Amino acid sequence: MTDVIFNEAVRYRKRFHTSDPFELLDGMGVILKFSEMYPRDGLRGFCALMNRIRYVVINGKQPEEEQRVVAAHEAAHLILHMDQLKAGAMRDFGVYNVTSRLERQANFFAADFLIDDEAVLDQIQTSDGNFLDVAKNLLIPAPFFQFKLFSMVNRGHSMRMPGDLDSTFLKSSGWNG
């Protein structure tokens, strides 16, 4: 399933000529709002579909790199899970440690949309493969970077996954996308 999600992420990156999630949301005609009403460590963001209008709200108290991840994650829900959105909004409190199939799919799309494989490979060479340095240089939170690495490994790249970070999203009864 990661191949399908990867191909969708690449297709949207090419279609909108960007890897910026805010430009993607704008290009998709999504109404985007930033809210200061949630605590920094509270609700990360949500997306909703109302009267055929797509909305994304992002917690404006989060650091910019987190906002980018949440924007890409919510865009993924709008692209991959439109049928589920018809039943109600998708709210995200914890973006990284997810056990739900839909949340994992949104994270894999977001990771593959935001981060080009070649950029990862280049950074691994220039950072001596240090996971935290690579994530920092790519302006991606380290826990989220695991999704990109797992996607790359699943698509045939040979690399070592970090063992010291929480990887509960991979442990749920055999990951199958």
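No lab work stands behind these numbers, since they all come straight from the coordinates. The structure presented is a predicted model; accordingly, all values stated were derived computationally and were not measured. We place every Cβ from the backbone using ideal geometry, glycine too, and count neighbours over all the protein chains shown.
Using the beta-carbon distance between R52 and K14 and R0 = 25 Å, what value does 1/(1 + (r/R0)^6) give for FRET efficiency, to the nearest 0.05?
Details: r = 26 Å, r/R0 = 1.03.
So the FRET efficiency works out to roughly 0.45.
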Per 0.36 nm of contour for each residue apart, how much would the distance between H157 and K33 grow if the chain were fully extended, relative to their Cα-Cα spacing?
40.9 nm
Would you list, by chain and number, the aspartates and glutamates whose Cα falls below 17 Å from the Cα of K33, excluding same-chain residues fewer than 8 positions away?
D20, E23, E64, E65, E66, E74, D92
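Order of 112-119, 32-39 by packing, highest average Cβ count within 10 Å first? Before the final figure, lay out each step's value.
Values: 112-119: 20.1, 32-39: 12.5.
Highest to lowest by the protection proxy: 112-119, 32-39.
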